[in-house]
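Peer 1: Have a look at this one before I ask anything.
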Amino acid sequence: MKPIGWIGVLLLVAGGIILAMRGISYTRDRQTVAVGPVSVSAEQKGFVPPYVGLGLVIAGGVIIFAGRRKRA
């Protein structure tokens with residue numbers, strides 16, 4: 001399989017995981033301030049929506065299909 005085909009497979013797998021999990025949440029930034037015995041932390045969260053997974057699945061399929069075409 002050509003390297004472009006492997007990229008397509010990776011996109012398909014990543015998109016499938018995002019779709020199966022109905023989106024993925026992650027922590028973008030975590031800040032902690034400690035003053036004496038008191039500590040305060042703040043987290044900034046992000047979310048990858050399921051439609052991004054669908055886009056990755058479609059893009060992976062297109063890349064695999066385009067990579068399999070024979071050039072004349």
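The numbers here are math on the coordinates, done by the rules we state, and not lab data. Predicted, not measured: the structure shown is a model, and the values here were computed from it. So basically every Cβ, Gly included, is an ideal-geometry build from the backbone, and we count neighbours across all protein chains shown.
Peer 1: Excluding residue 27 itself, what net charge comes from residues whose Cβ is under 10 Å from its Cβ, given Lys and Arg +1 and Asp and Glu -1?
Peer 2: Spelling it out: positives minus negatives among the neighbours equals +1.
Peer 1: How many nm is it between the label spots at residue 27 and residue 41, if each spot is 7 Å from the Cα in line with the beta carbon?
Peer 2: Once both label points are built, they end up 0.5 nm from each other.
Peer 1: To the nearest 10 degrees, how steep is helix 50-68 against the longest Cα principal axis of the chain, on a 0 to 90 scale?
Peer 2: Taking the Cα atoms of the chain, the angle to 50-68 is about 30 degrees.
Peer 1: Let me ask you something else. Under a 5 Å amide H to amide H cut-off, with H placed in plane at 1.01 Å, what residues pair with residue 24 once short-range neighbours are removed?
Peer 2: 48
Peer 1: Report, in degrees rounded to the nearest 10, the 0 to 90 angle that the Cα long axis of helix 3-20 makes with the longest principal axis of the chain.
Peer 2: Here the helix axis deviates by roughly 50 degrees.
Peer 1: Of the candidates 62, 48, 35, which one comes out as most mobile in a Gaussian network treatment of the chain with C-alpha springs shorter than 10 Å?
Peer 2: Largest GNM mean-square fluctuation: 35.
Peer 1: Then there's this: Taking every Cα atom in the chain, find the radius of gyration and the maximum pairwise distance Dmax, and write them in Å.
Peer 2: 19.5, 72
Peer 1: Right, something else. I want to check the label-to-label distance for residue 19 and residue 58. Put each point 7 Å from Cα in the C-beta direction and report it in nm to one decimal.
Peer 2: About 1.1 nm separates the two model spin labels.
Peer 1: I'd like the FRET efficiency for residue 69 and residue 48, computed as 1/(1 + (r/R0)^6) with the beta carbon distance as r and R0 of 35 Å, rounded to 0.05. Working shown, then result.
Peer 2: On the way: r = 31 Å, r/R0 = 0.87.
Working from the Cβ atoms, E equals 0.70.
Peer 1: Over the chain, with a Gaussian network built from C-alpha contacts below 10 Å, which listed residue (34, 14, 42) shows the highest mean-square fluctuation?
Peer 2: 34
Peer 1: Place a +1 charge on the Cβ of each Lys and Arg in the chain and a -1 charge on the Cβ of each Asp and Glu, then give the dipole magnitude about the Cα centre in debye, rounded to the nearest 20.
Peer 2: On the way: 9 positive and 2 negative charges, 117 e Å.
Around 560 debye, computed over the chain.
Peer 1: Before anything else, pin down the relative contact order of the chain: Cα pairs under 8 Å, at least 6 apart, normalised by residue count, whole percent. If you can, show how the numbers build up before the last one.
Peer 2: Numbers: 98 pairs, mean separation 33.1, N = 72.
Contact order relative to length: 46 percent.
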